[in-house]
2 protein chains.
Amino acid sequence: MNGTSHEGPVVVTGGAGAIGSYLVRELLAAGREVRVVDNLSGGRRAHLPPDGTEGLSFIVADLKEPARYASAFDGAAELWHFAANTDIRKGSKDPKLDFEDGAVGTYVVLEEARRHDVGRAVYASSSVVYGFPSVFPTPEEYGPLEPQSPYAAAKLAGEALFSAYAYTHGLRSYLFRFANIIGPNMTHGVLFDFFEKLRADPSRLEVLGDGRQSKSYLRTEDCIAAMRLAVERCDRPVNLFNLGTADRTPVREIAEKVVAAHGGTARIEFTGGSQGWVGDVPQQLLAIDRILALGWRPRWSSGEAIDRTIADMIAERRAGA
Amino acid sequence: MNGTSHEGPVVVTGGAGAIGSYLVRELLAAGREVRVVDNLSGGRRAHLPPDGTEGLSFIVADLKEPARYASAFDGAAELWHFAANTDIRKGSKDPKLDFEDGAVGTYVVLEEARRHDVGRAVYASSSVVYGFPSVFPTPEEYGPLEPQSPYAAAKLAGEALFSAYAYTHGLRSYLFRFANIIGPNMTHGVLFDFFEKLRADPSRLEVLGDGRQSKSYLRTEDCIAAMRLAVERCDRPVNLFNLGTADRTPVREIAEKVVAAHGGTARIEFTGGSQGWVGDVPQQLLAIDRILALGWRPRWSSGEAIDRTIADMIAERRAGA
């Protein structure tokens with residue numbers, strides 16, 4: 001990948017999160033100037049290099065308060081928008097989290113990007129926009145989209161806004177529908193939940209649903225590599241890609257791996273039902289032909305990504321994180 | 001159609017608009033109690049039966065101020081949500097109109113419906129959610145959806161919200177992707193614009209684009225009949241239908257018909273370009289198999305709908321409307 005056509009500062013919302021902070025480090029290593037905007041609701045300052053790191057600036061701000069972060073867009077070339085509620089279950093009980101904070105935040109940050117003539121905008125969308133698809137692996141062309149949760153609705157609303165800004169205001173858009181992205185520094189998700197449960201009670205592991213929910217897990221490194229490649233290579237007004245692995249892993253298998261990593265003594269208990277919770281999408285496998293056609297290959301399969309992330313989490317906890 | 005399973009008051013947002021007010025009259029004629037919520041930004045009080053009409057109440061309120069209209073939801077059985085910006089071009093210049101007023105308004109009104117345990121929610125969406133489709137006629141399953149305007153993005157965001165509320169909160173949803181709906185009392189759209197232009201200057205008619213934009217025009221009566229049939233017959237969590245005619249009409253033909261109705265002397269001038277304006281979707285023809293399968297048939301073709309509406313508009317203007 002050569003970066004010559006992509007100079008100029010990059011604004012990263014949610015840049016203190018697990019995925020955003022990985023991108024920030026990669027961009028800094030590539031010599032880019034990076035401006036992080038994060039309200040630290042899910043992200044952590046410690047995920048990023050320290051204050052004073054060359055090329056990095058950090059603004060603690062909510063996206064709905066543009067006056068606090070508008071300066072980050074001065075002369076910016078790209079927006080990478082990761083900031084969002086990450087707890088689908090919580091959003092189903094409190095609709096404010098996804099629409100008012102999420103979709104409205106997306107709108108406000110796009111308005112800033114437009115006002116500052118940013119050229120490219122990258123969006124971390126989700127495979128949950130497909131609802132319960134009837135086709136597996138699910139291609140980008142699948143429809144109709146029936147979001148099952150406020151979280152999924154906010155992601156689809158975000159995609160719609162990016163598309164409109166691309167066609168109306170020339171803000172070239174890159175939309176990525178993520179499988180489950182896992183890696184270092186996670187503060188939510190099935191692996192995080194399992195670790196927390198075993199910390200609270202090492203004798204048993206409760207699994208929401210019947211354990212047959214089966215999804216694709218992609219490592220953060222592979223995810224970011226795919227995104228950077230697509231931004232480098234593609235120049236349609238809207239560039240949409242599924243990002244996942246070619247395989248998927250049942251929740252039962254994840255539970256068994258986590259229990260084994262904790263000494264193998266915990267009893268696994270399933271709450272039952274095909275859905276883990278209201279809004280859960282139990283079956284997820286994305287068609288990734290589009291991103292494969294650009295030459296990207298995931299380094300780790302879904303099962304390997306889980307093994308590697310369990311190892312990361314054990315190391316993080318030993319280090320006292 | 002029998003209404004026995006659909007008793008209880010109906011809240012109609014945008015009920016003073018051209019389409020909403022037609023529905024209101026139909027519901028009143030069927031003996032339903034109707035509560036209109038409209039901020040009169042596009043709608044007109046005169047489109048509705050007068051104050052004191054049995055079964056009708058009217059609240060002037062913006063959807064973002066739920067305290068002003070929450071009472072309309074007391075004991076309500078259904079929400080029909082028509083309120084929206086109707087000027088796609090204006091929305092492309094002022095993004096506030098579609099997202100802040102439209103999508104946020106949709107969210108706020110859905111929250112009221114949820115809080116009041118409304119059973120059914122009906123949404124006036126639009127064929128513009130398809131963006132520039134590559135398949136004609138375009139089926140409901142078409143994807144990916146790439147909205148070309150803030151208006152289209154707000155409509156898709158609205159669909160996403162209705163779907164999430166259906167699956168998360170049990171608010172059964174009916175989503176209708178409209179072709180161009182035309183009929184009495186219109187205050188916007190291509191026919192309205194042409195009449196206004198000829199009133200200002202009877203010697204010439206400026207047509208945006210090259211005149212080859214071609215879309216399907218459906219009469220309000222046919223549109224409302226289809227919606228009521230689908231609500232009566234369908235009970236999936238989300239029920240999605242295209243609504244249009246099987247034919248389409250080029251803008252050039254509409255211009256010729258309007259000029260002929262004005263005496264045939266005006267010169268038609270095209271501004272050129274395949275798109276009428278930024279955000280315009282120049283080619284639109286919807287697959288209507290789903291709604292036809294319920295037994296609905298449009299009484300008027302696209303061309304007939306235009307003829308009939310031109311006659312309505314001439315009569316309205318003669319009556320001094």
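The values are calculated or read from the model by the stated rules, or taken from the named source; none is laboratory data. Just so it is clear, the model here is predicted, and its values are computed rather than measured. Positions of Cβ are backbone-derived with ideal geometry, glycine not excepted, and every protein chain shown enters the neighbour counts.
State which residue is farthest from the other protein chains (Cβ to nearest Cβ) when the search covers only region A:136-151 and only residues that are closer than 14 Å to residue A:288 by Cβ and over 20 Å from the mean Cα position of the chain (by Cα).
A:136
Which condition number does residue A:132 fail, the rest of (1) over 18 Å from the mean Cα position of the chain (by Cα); (2) crowded, with 24+ Cβ neighbours inside 10 Å; (3) hydrophobic (A, V, I, L, M, F, W, C) being met?
(2)
Please go through region B:268-289 and pick out each residue that is at pLDDT 95 or above, within 14 Å of chain A (Cβ to nearest Cβ) and in contact with a helix residue (DSSP H, G or I) (Cβ under 6 Å, 6 or more places away or on another chain).
B:286
Taking the residues in region B:227-238 that are in contact with a helix residue (DSSP H, G or I) (Cβ under 9 Å, 6 or more places away or on another chain) and of a type outside the set (A, V, I, L, M, F, W, C) as candidates, determine which candidate is surrounded by the fewest Cβ atoms within 10 Å (Cβ to Cβ). Step through it out loud before you land on a result.
Taking region B:227-238 as the starting set, the residues that turn out to be in contact with a helix residue (DSSP H, G or I) (Cβ under 9 Å, 6 or more places away or on another chain) are B:227-232, B:236-238.
Within this subset, residues satisfying the condition of being of a type outside the set (A, V, I, L, M, F, W, C) are B:228, B:232, B:236-237.
Working: B:228: 21, B:232: 14, B:236: 11, B:237: 17.
Among those residues, the one meeting the criterion is B:236.
Taking only region B:239-268 into account, find how many residues are within 30 Å of residue A:148 (Cβ to Cβ) and surrounded by fewer than 16 Cβ atoms within 10 Å (Cβ to Cβ).
Qualifying residue count for the region: 0.
Out of the residues in region A:160-180 that are facing chain B (nearest Cβ under 9 Å) and either free of Cβ contacts under 8 Å to residues at least 40 places away in the same chain or of a type in the set (Lys, Arg) (or both), which is nearest to residue B:237 (Cα to Cα)?
My answer is A:160.
Mind checking which strands (runs of 3 or more DSSP E) fall wholly inside region A:216-321 and carry at least 1 residues that are touching a residue at least 60 places away in the same chain (Cβ under 8 Å) and within 27 Å of residue A:98 (Cα to Cα)?
A:217-219, A:238-243
Could you tell me whether any residue of region B:114-124 is within 12 Å of another protein chain (Cβ to nearest Cβ), in contact with a helix residue (DSSP H, G or I) (Cβ under 6 Å, 6 or more places away or on another chain) and surrounded by fewer than 19 Cβ atoms within 10 Å (Cβ to Cβ)?
yes
Quick one: count up the residues across region B:59-83 that are within 20 Å of the chain's Cα centre (by Cα) and crowded, with 21+ Cβ neighbours inside 10 Å.
7
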